[in-house]
Structures are given as structure tokens and as C-alpha cells.
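Encoded as C-alpha cells, the structure appears first; notes follow it.
The values are calculated or read from the model by the stated rules, or taken from the named source; none is laboratory data. As the structure is a computational prediction, the values presented were derived from the model and not from experiment. Quick reminder, even Gly has a Cβ in these numbers, built from the backbone with ideal geometry, and neighbours come from all protein chains shown.
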Amino acid sequence: MKRASLKNVYAKLFSHFGPQHWWPGDTRFEVIVGAILTQNTAWANVEKAIVNLKKAGALKSPAVMKRLTTGKLAGLIRPAGYYNIKAKRLRNFLDFLGRRYSLSLIELSRAETGRLRRELLEVNGIGPETCDSILLYAFGRPLFVVDAYTKRIFSRHGLFEKEAGYADVQKVFMDNLRRKIGLFNEYHALIVRLGKELCRKEPRCGACPLKGLKITCK
């Protein structure tokens, strides 16, 4: 079995799949909303919810969305699934934004990364993956996003145990890659692409660009 570093893996994935142009979103606010809505659902379902929100004018600003009732918001995001729960999570974020930053994403963006991450993790319904997606894709902070695909793919290739925690997995990537926003953005998107198409629960190893690799840090 050949050995490959995380840098080699990125190169192989990029060569195989090409640039992913992720995260789709016209505004910073849309990216944040999408990150919350994509929990436990496919992106195609989130896109339908985003269309509904745009038609209703709810993505114009956090202040506009905050004026919606929770019931109205839930109805608009229904295609994303778990719509009542996700409507509450969106309201939790908006309440936090209003309480601490006067509903201003500009003010929020001025917060230091460590502080911003701690504050977002205090919002009910925002866990590490959602938090870091917001930080990376909406605010351009160099934090590597870990998801189920990351754990599945890299545990299969011997980098860490399948049961490894979020922080431990994230540290491996943060410690062994250049902390560049573009790199973290593209790498995560490529991992998602590989996980969806090939490294599934029933893997299609024959077509995998990482076939036969034992992945190491360095």
C-alpha cells in the first residue's frame, strides 16, 4: 500500500474532480442560513428552501428575517426538512446577532476568530461543523471543516480511528496543511464530492482516486 501525505491527497482529489466552487451563496447571510439548513439533509433540499426565502425577501438582511414569525419561517424552509427545529435554530442565531451585534453581520465580522467561534458555539443548534462552516465560508477564517465524510474517508485510509472526535480530526488537518482559506475551502468541498460519489457507506473503491493509499500526516 502506497503512502501519501494530506498534501498529496489534496492534489489527487483536485486533479480528479477539479474545482468545486463551494460554498454556493450570493451573500454572507445566505451562506450562514445555508450552513444551518444543511444539517441532516442534502444540499438539493436546502436550495429549494433558499429559493423560497429569496422569493419572500427573507434573505435581504438578518433584520428582515427576524421580523418573520417562527411559523412563517418554518413554512418557507420546509423543503430542508426538520423545518420547525431549523426555524428555531435560525431564530436562535438571529437573537444572538441582535443581542450582541445589533443584527449587523459587519459588526460580527470584526470579532476575533477565537471569540467568534466561542460565541457561535454558544448558540443553541450550532455545533462545531456548522460553526466552522460559517467561519470559513461566510467570514473567511482559516478553520478546517470536519464532517462525516472526512471521518469516513480518512479512517478508511488509516489516518485516524473512525470514532475520533471533531477537535482531534480537525487538529490533524490544521497542523499539517498551510492555513490558507482557499485550500481549506477547496479541500473540504473535494472531500464532500468524494464521499457522495465514491467513498459511500458501500464504497466504490475501483474508481477512487485514492485507491491503494495509506494516508499519513507529513
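Residue by residue through region 1-53, note down the ones that are surrounded by fewer than 19 Cβ atoms within 10 Å (Cβ to Cβ), over 23 Å from residue 183 (Cα atoms) and within 14 Å of the chain's Cα centre (by Cα).
40, 41, 42
In region 127-154, which residue that is of a type in the set (Val, Ile, Thr) and not in a loop (DSSP other than H, G, I, E, B) is nearest to residue 100 (Cα to Cα)?
Per the stated criteria, the residue is 134.
Got a number for residues in region 102-126 being in contact (Cβ under 8 Å) with a residue 60 or more places away in the chain, small (Gly, Ala, Ser) and assigned to a helix (DSSP H, G or I)?
Here the count works out to 1.
Considering only residues of region 173-182 that are in contact (Cβ under 8 Å) with a residue 60 or more places away in the chain and touching a Phe, Trp or Tyr at 6+ places or on another chain (Cβ under 9 Å), which is surrounded by the fewest Cβ atoms within 10 Å (Cβ to Cβ)?
177
Can you confirm whether region 197-208 contains a residue that is within 17 Å of residue 7 (Cα to Cα) and surrounded by fewer than 19 Cβ atoms within 10 Å (Cβ to Cβ)?
No: zero hits.
Output yes when any residue across region 55-66 is touching a helix residue (DSSP H, G or I) at 6+ places or on another chain (Cβ under 7 Å), assigned by TED's automatic domain parsing to the domain that holds residue 210, within 26 Å of residue 184 (Cβ to Cβ) and assigned to a helix (DSSP H, G or I), and no when none is.
So far as region 55-66 goes, no, none of its residues is touching a helix residue (DSSP H, G or I) at 6+ places or on another chain (Cβ under 7 Å), assigned by TED's automatic domain parsing to the domain that holds residue 210, within 26 Å of residue 184 (Cβ to Cβ) and assigned to a helix (DSSP H, G or I).
Checking residue 44 against (1) under 30 Å from residue 211 (Cβ atoms); (2) in a helix (DSSP H, G or I); (3) aliphatic (A, V, I, L, M); (4) touching a residue at least 24 places away in the same chain (Cβ under 8 Å), only one condition comes out false. Which one?
Here residue 44 meets the rest and fails (4).
Just one of the numbered conditions (1) surrounded by fewer than 20 Cβ atoms within 10 Å (Cβ to Cβ); (2) polar (S, T, N, Q); (3) not assigned by TED's automatic domain parsing to the domain that holds residue 33 is not true of residue 185; which one?
(1)
Identify all residues within region 155-169 that are under 23 Å from residue 203 (Cα atoms) and not in a loop (DSSP other than H, G, I, E, B); write none if there are none.
Kept after step one, since they are under 23 Å from residue 203 (Cα atoms), are these residues of region 155-169: 155-166, 169.
Within region 155-169, 155, 156, 166, 169 meet the criteria.
Mind listing whichever residues of region 19-41 are under 11 Å from residue 105 (Cβ atoms) and assigned to a loop (DSSP other than H, G, I, E, B)?
27
Among the residues in region 124-131, are any aliphatic (A, V, I, L, M), over 14 Å from residue 194 (Cα atoms) and not assigned by TED's automatic domain parsing to the domain that holds residue 198?
yes
May I ask you to list the residues in region 145-165 that are surrounded by fewer than 16 Cβ atoms within 10 Å (Cβ to Cβ) and modelled with pLDDT of 95 or more?
Matches in region 145-165: 165 only.
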